[in-house]
1. Hey, got the dipole for the chain? About the Cα centre, +1 on K and R Cβ, -1 on D and E Cβ, debye to the nearest 20?
2. List, in order, the whole-Hz ³J(HN,Hα) value for each residue of the range 231-247 obtained from phi through the Karplus relation with A = 6.51, B = -1.76, C = 1.60 and θ = phi - 60°; use x for Gly and Pro.
3. Farthest toward the dipole's positive end in the range 6-420, which of ILE325, GLY352, CYS227, given Cβ charges of +1 (Lys, Arg) and -1 (Asp, Glu) about the Cα centre?
4. Could you run the Karplus curve 6.51 cos²θ - 1.76 cosθ + 1.60 with θ = phi - 60° over the range 339-354 and give me ³J(HN,Hα) per residue in whole Hz, x for Gly and Pro?
5. Run the quick spin-label model on LEU296 and MET374: label points 7 Å from Cα toward the beta carbon, then report their separation in nm to one decimal.
6. Do any trypsin sites (Lys or Arg not before Pro) in the range 111-188 lie in a DSSP loop with no more than 13 other beta carbon atoms within 10 Å, and if so, which?
7. Which ³J(HN,Hα) values, rounded to whole Hz and listed in residue order, are derived for the range 109-126 from phi using the Karplus coefficients 6.51, -1.76 and 1.60 in 6.51 cos²θ - 1.76 cosθ + 1.60 with θ = phi - 60°, glycine and proline given as x?
8. Could you work out [θ]222 nm for the chain from helices alone, using -39500 (n - 2.57) per DSSP H run of at least four and dividing by all its residues? Round to the nearest 500 deg cm²/dmol.
Amino acid sequence: MSKLTLSLAPPPARPLRWLMSAPLWGMVAGAWLLLQGDAALLGRWSLQTVVLVHVFTLGVLGNAMLGSLLQFLPVAADTAMPLDASLPWLHAAFNLGLVLFVLILPHGAGSPAMPIASILLGLPPVVIALAALPALLRRGPQRMLRTGIGFSLCALVVTVAIGLLLVFLLRGALALPLDRIADVHAVSGLLGWIVGLMVAVGSVTLPMFQGTKTVPAYWLAVWIALCGIGLAAGTVLYLAGGAQAALILAVSPAALAFITASLWLSWRATRRRDTALPWFWRIGTLSLGAACLIGLSGVAWPLSSQSVLVAGMLGIGIGLPMMLIGMMLEIVPFLAWIRLRRGCPRGIRIPGAGVLLPECDKYLVLVVHLGCAMVLCGAAGWPALARGAGFVLLLTYAVTFACLIACLRRAGHFLRGRLAQHMPR
Ligand code: HEM
């Protein structure tokens with residue numbers, strides 16, 4: 001199992017500003033559903049739905065994953081992350097770009113501000129990916145782990161590039177098949193970038209945080225090959241005029257392999273931990289699995305627009321966020337602990353991560369996300385429930401944010417208390 005090099009951990013504020021933005025965007029998703037009502041759940045091509053998709057994929061998942069990556073790369077993957085001073089600007093540009101994207105897109109992509117919003121949104125993840133890649137691709141220890149992270153960052157760059165192309169298509173600047181390109185954009189983002197990073201980072205965090213057996217490096221190698229070949233072959237077949245089924249069948253093996261391994265490892269954990277995280281992970285994986293099975297059934301018979309929405313909600317609105325929120329509830333107290341470790345004079349006993357964010361708080365967040373998941377599924381099936389679901393979603397992420405803030409405040413109180421005691425009278 002890989003070890004953590006805490007001395008290489010960046011100042012906690014660096015990953016924290018990204019991580020703490022994720023639940024705020026969850027609240028924005030709730031407010032959006034509350035304001036837009038069933039207009040946001042009428043069909044995948046409605047611009048209100050596309051906005052909701054990106055509030056989740058970029059706001060909640062994007063911030064959470066880029067934040068985790070800034071912590072994980074130096075500490076667990078032995079990979080230095082350059083860009084020290086510019087990271088806060090990249091965070092500001094990314095989130096400002098998303099705010100503009102959310103405000104402009106429902107009125108059509110023709111607005112003169114849309115290219116600015118898309119570049120503000122697209123540039124930061126590309127800069128972070130390109131800055132990390134050289135160190136990730138060098139020879140040395142943990143080669144497979146770094147290759148896996150490198151693969152997912154390449155998928156992110158491709159996804160952003162296609163996203164920018166889609167904006168130009170919506171502006172009528174180019175005449176290309178928008179639906180096919182949007183599908184390729186969606187699978188490269190969801191499977192290549194998000195699931196790809198979870199596979200790589202999960203190979204370290206599952207044994208570490210969930211007590212599962214160690215994930216052999218060759219598992220990672222096989223998955224990366226399966227995913228890479230599936231994405232490439234599916235894209236070529238589909239864009240060359242083939243049926244959507246070609247893309248679905250090409251990417252399904254990698255998706256189903258992740259879901260099977262993720263569930264199998266977590267259920268068969270050798271050193272079981274009675275904590276909330278394994279339940280976030282299992283329920284998230286099951287929800288993602290249900291979304292994949294609905295998608296796969298689209299090969300046998302055409303999917304109704306409602307079932308496409310239900311699959312989207314199960315995967316993007318419930319499954320992936322639950323797995324990442326579960327991880328964030330481990331990472332944020334760990335960062336608060338590092339802040340205390342560095343802030344307190346040597347010899348001072350500091351509270352552990354489990355004290356800074358107790359399991360009972362994590363179980364509270366789990367229960368509200370479970371309740372929210374059921375309401376969101378209901379709303380995806382019956383859009384008339386959209387406003388109610390929006391309210392529950394807003395509350396759910398407000399509770400998540402409040403628990404994370406409480407953790408940081410506990411650490412802040414402790415630090416101030418200790419420093420006051422050590423101040424020369
Ligand atoms: C700079 C970044 C991005 C931009 C500018 C962008 C832009 C777009 C646009 C314009 C569409 C909709 C096209 C249409 O109306 O059909 C779209 C669809 C989509 N995008 Fe992105 N995107 C970006 C990043 C991402 C990322 C990182 C992900 C996933 C991780 C993602 C996931 C999706 C999905 C799932 C759809 C399909 C939505 C639907 O069918 O309702 N996007 N994107």
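The values are calculated or read from the model by the stated rules, or taken from the named source; none is laboratory data. All values reported here derive from a predicted model rather than from experimental measurement. A quick note on method: Cβ atoms are made from the backbone with ideal geometry, for glycine too, and the neighbour counts reach across all protein chains shown. To get the accessible areas, we keep the full protein, side chains included, count just its heavy atoms, and leave off ligands, DNA and RNA. Shrake-Rupley method; radii C 1.70, N 1.55, O 1.52, S 1.80 Å.
1. Using only the charged Cβ atoms, the result is roughly 1680 debye.
2. For the range 231-247, the Karplus curve yields 5, 5, 5, x, 5, 4, 4, 6, 6, 7, x, x, 6, 4, 4, 4, 5 Hz.
3. The listed residue farthest towards the positive side: GLY352.
4. 4, 5, 4, 7, x, 8, x, 4, x, 7, 6, 10, x, x, 4, x
5. With each label point 7 Å from Cα toward Cβ, the separation is 2.7 nm.
6. Hits after loop and neighbour filter: ARG138, ARG139.
7. Here the 3J(HN,Hα) series is 7, x, 4, x, 7, 5, x, 5, 4, 5, 6, 4, 7, x, 5, x, x, 5 Hz.
8. Values: 16 runs with 306 residues, N = 425.
Here the helix-only value at 222 nm equals -24500 deg cm²/dmol.
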